[in-house]
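First comes the structure, then the notes that go with it.
The values are calculated or read from the model by the stated rules, or taken from the named source; none is laboratory data. Keep in mind the model is a prediction, meaning the values are calculated, not measured. In this analysis, Cβ positions are derived from the backbone assuming ideal geometry, glycine residues included, and neighbour counts consider all displayed protein chains. The protein model used for the area step is the full one, side chains on, heavy atoms only, and it has no ligands, DNA or RNA in it. Shrake-Rupley method; radii C 1.70, N 1.55, O 1.52, S 1.80 Å.
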Amino acid sequence: MLPSPIDLKQLFFGLLLPTIIGGGILILARSFSPKEYATDRYERGQDGFTGWLIAVALGAGYIVGYLGLEGLPAFPPQLGTHWLCYLAIIGLIVGGFWHLPVWGPIAQVLLSIIIPRLLLTTTFKYTWGPIVGIIWWVLLAVAIFIFWHLVEQSFSALPSGASSPFVYFGLCGGTALILALSGSLRLAQHCGILVALFAASWIITLVLQRDRKRFVFPRGTSPVMTLLLIGIWMNGYFFAEVPAASAILLAISPLLAQVGRIEAVQGFGARRSALVQIAAIALPVIIAIGVAVARSGFFGDNSGY
């Protein structure tokens, strides 16, 4: 059966158009990057306007996809999903001055503290008491802060080339599948936007790798990536039925990028060590999917979010 016009419209505005826009901006950013990547000029570009353009490719691509799926975001936001568009905007703003030695870390601390209160306003107000609310607030703020560092460190730990976009393509793909299994097709669609954007980044990197041997996400992309993933996971856990174990496994998967820095793994050679690294990151994602499958009752009937 052919998809309805509404489905085609959502497919174009919620998936294809964001990919085209994000991919176009990414190619533009790559065109500004010097071919001689082992230079001070390359490093300055990664922390400057060129690096920020890569964050724009991800953030703007997601915002276009959000508008295609949801329309204009509500203001003030009433639901957790309403905050996702604003988180992308905040990530772009923070990414613009992430290279500054003081303002980036300050923003990281403040946002780690503020985001749980913004996304979970109704839960703080109507579900948790004062003591339980404070405990959750502290735990979530620490978790966001740690995960943000894991994302940023994974950029330098992952091998050069297309490894970074491939890893986050897999992480977002696993997240989308878990959300769908947990009865939240709506959130799975939002994560699908990120899957498409990272897939485009991966393909573009492979194509352009002939003349530029190194490509990693610059540090300024970490606010966009972190805030969107955290926003989607928190919505999935608190407002859908994503298992806690799955959410935790997804969040710790970037930590295993550090496997590539183990001397024994480095002794395997560049190609094999990269495969070991990617396999290590993929393992908790696969286990998280298995937990979600087990909890879903083998695709039993679940209410959507």
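Of the numbered criteria (1) touching a residue at least 60 places away in the same chain (Cβ under 8 Å); (2) outside any helix (DSSP H, G or I), the one residue 250 fails is (2). Just one of the numbered conditions (1) open to solvent by 50 Å² or more (accessible area, probe 1.4 Å); (2) in contact (Cβ under 8 Å) with a residue 40 or more places away in the chain is not true of residue 271: (2). Which number in (1) at pLDDT 90 or above; (2) surrounded by fewer than 21 Cβ atoms within 10 Å (Cβ to Cβ) marks the one condition that residue 225 misses? Of (1) at pLDDT 90 or above; (2) surrounded by fewer than 21 Cβ atoms within 10 Å (Cβ to Cβ), only one is false for residue 225: (2).
Would you say residue 106 is part of a helix (DSSP H, G or I), among the aliphatic types (A, V, I, L, M) and open to solvent by less than 30 Å² (accessible area, probe 1.4 Å)? Against the criterion (part of a helix (DSSP H, G or I), among the aliphatic types (A, V, I, L, M) and open to solvent by less than 30 Å² (accessible area, probe 1.4 Å)), residue 106 does not qualify.
Remark: pairs (first residue in segment 66-95, of a type in the set (Phe, Trp, Tyr); second residue open to solvent by 40 Å² or more (accessible area, probe 1.4 Å); Cβ separation under 8 Å; 6+ apart in sequence or on different chains) = 83/118. Among the conditions (1) out of contact with any helix residue (DSSP H, G or I) (no Cβ under 6 Å at 6 or more places or on another chain); (2) buried (at least 21 other Cβ atoms within 10 Å of the Cβ), residue 165 misses just one, which is (1).
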